[in-house]
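Okay, structure first, notes after.
No lab work stands behind these numbers, since they all come straight from the coordinates. The model shown is predicted, which means the values in this text are computed figures rather than measured ones. Glycine gets a Cβ as well: all are built from the backbone with ideal geometry, and neighbour counts include every protein chain shown.
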Amino acid sequence: MPEQGKYKIIPGVEITGIHSSGRAWGYHGNKKIYLDAAVPGDVVDVKVPKRYRGFLAGTIERIVHPSPHRIVPFCKHFAVCGGCNWMPVRYEYQLELKRRILLEAFQKYEIEISSLPTVYSSPQTLFFRNRCEFAFSAAGNVVGFHPAGNPHQVFETEECFLQPEPSMSIVRKIKETALAMAIPFYHPEEKKEGLRKLVLRMASGGDLMVLLGGTGIPAETLKRMAKEVHSVFPQIGSVLYEEMMADDRSAAIQLLSGYREVWEETANGLRFFISPHTFYQPHSVQAEKMFGRVVSLLDLKGNERIIDLYCGAGTFTLHVARLAAEVIGIDGSTSAINDAIRNAEVNGIHHVKFIQGDILTTFTPTFLQRCFSPDVIILDPPRAGTLMEIKKNIVAARPAKIVYISCNPVSLAWDMKFFIPYYRITAIEMYDQYPHTHHVETLVMLERR
């Protein structure tokens, strides 16, 4: 093994696999070597700075033979940015790899499925996201993203292919205006006053929300800056600001410019008003398709009673409520539940109830005795999956059908292992909401055995 400085260079490693983290791997002897920016099919020389027990981790020193699935990254920031980690991979092959990760996770937990999951590709692989978050840094007065693996630094982002224009034009205008008005940028080590973050949300219908976060900036200064930005981009619905503490907690959000403190998206004829801290699926087109697919898979007859766990702003809840007898949505986020209640009113859906509370302490056997025995349970849990006690309560409720939406194939497979003795998988579909990354949304339909 050649040496170069303090690194070991391993020549001619054939990349054959992909990990659920998105990192590719090959073998050196009987040990796996994990690499960023590698593509299955590559043959590469690998720089290994450190050995771990049982495996190696390194970086590409040289591509000896490129994979037939490798392409040239189209963004100038790929080498430093931590966002689009699969940009060197041909898009059609990205979809194959996402399905492979899911199948390997299911195989690990001995879960059998009758057919390969359908993967719904993104109709747009560029400029598809409805939300992007940028950071400010006093080190060089830059606005942009964090480098891969370094959340305390920010690099100047000159281009980004996630959101359509006027996204980057708004970013540049805010930076220009802030510097002209001598508004400081935040320094994470000194923790003095300054602008800290910028969130842009863009709806499929054109609605735009700008949320600024900072520390210790006078309100009048912020309003003058917002007015200047709004004058150049009148299509912005609102410019908002939240005061942030040193530990990243935030105070109440205030409206600097515009006419409302929410962002509006539409899906399948429903209107959804989303507050700054409420989650909405990041790819509006794919989300709309997934919402509609849940309704069609359930084949509702009009007499069903449904519970939606982790309901958020009521996106799945209100879609199924249009064809069900009674629906309850539960979520731990106060802002999300407030949005869900408003969304039900806006859409004229009155036979739905939303409850704010932790799922573990709210969705209990006592709760089920008080409300009703559900015919369907929908859950869209966080990336880590759902807790064992919640899974036990779902099975004890004996719904005829369960719809599980997941953004993590590994935690999905782990949770499916629990459900399989009681339920069988009747549909499994993947929706690519995150082109050029290893992330994917998976929809699973289960029916009671």
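Remarks
- FRET efficiency estimate (nearest 0.05) - Cβ-Cβ, R90 to T364, R0 51 angstrom: 0.60
- Between T266 and T59, the distance separating the two model label sites (each 7 Å from Cα on the Cα→Cβ line) works out to 4.8 nm.
- All-pairs Cα distance distribution in segment 3-65, expressed in whole percent, bin size 10 Å: 25, 61, 14, 0
- In a fully extended conformation the segment linking H277 and A139 would gain 46.9 nm over its present Cα-Cα distance, using 0.36 nm per residue.
- Residue-span extension gain [E110 to T125] - 0.36 nm each, minus C-alpha spacing: 2.1 nm
- For segment 241-276, the list of trypsin sites (Lys or Arg not before Pro) that fall in a loop by DSSP and count at most 13 other C-beta atoms within 10 angstrom reads R249, R260.
- When T437, T221 are sorted by how many other C-beta atoms sit within 10 angstrom of their C-beta, beginning with the fewest, the order is T221, T437.
- Counted residue by residue at 0.36 nm each, then reduced by the alpha carbon distance between them, the extension gain from V43 to A79 reaches 11.0 nm.
- R0 of 41 Å, Cβ-Cβ distance R249-R224: FRET efficiency to nearest 0.05: 0.95
- Calculated mean residue ellipticity at 222 nm for the chain: -7500 deg cm²/dmol, from DSSP H runs with n ≥ 4 weighted as -39500 (n - 2.57), summed, divided by the residue count and rounded to 500.
- Filtered chymotrypsin sites (Phe, Trp or Tyr not before Pro), segment 386-437: DSSP coil and at most 15 other beta carbons within 10 Å: Y422
- For the chain, averaging the sequence separation of C-alpha pairs within contact (under 8 Å, six or more residues apart) and dividing by the residue count gives a relative contact order of 12 percent.
- Antiparallel bridges, percent of DSSP beta bridges restricted to the chain (to nearest 5): 65
- Cleavage-rule hits (chymotrypsin sites (Phe, Trp or Tyr not before Pro)) in segment 124-200: DSSP loop, at most 16 neighbouring Cβ within 10 angstrom: F127
- What separates the Cα centres of segment 66-80 and segment 302-323 is a distance of 41 Å.
- Prolate/oblate/rounded label for segment 271-376 (Cα gyration tensor, a/c 1.5): oblate
- Fraction of beta bridges assigned by DSSP in segment 1-89 that are antiparallel (%, nearest 5): 85
- Computed over the alpha-carbon atoms, the chain gives an Rg to Rh ratio of 0.99, Rh here being the Kirkwood radius from the mean inverse distance.
- Modelled this way, with points 7 Å down the Cα-to-C-beta line, the labels at N150 and E190 are 2.0 nm from one another.
- Residues whose amide H lies under 5 Å from that of Y34, counting only those 5 or more places away or on a different chain, are L56, A57, G58; hydrogens are built 1.01 Å from N in the peptide plane.
- Between segment 92-107 and segment 28-63, the alpha-carbon center distance in angstrom: 21
- Amide N proximity, segment 421-449 versus D36 label position 7 Å along Cα-to-Cβ, cut-off under 20 Å: 434-440
- FRET efficiency for H351 and A427, using Cβ-Cβ distance with R0 set to 25 Å, rounded to 0.05: 0.40
- Each of D358, D375, D45 has some number of other Cβ atoms within 10 Å of its Cβ, and from fewest to most they run D358, D45, D375.
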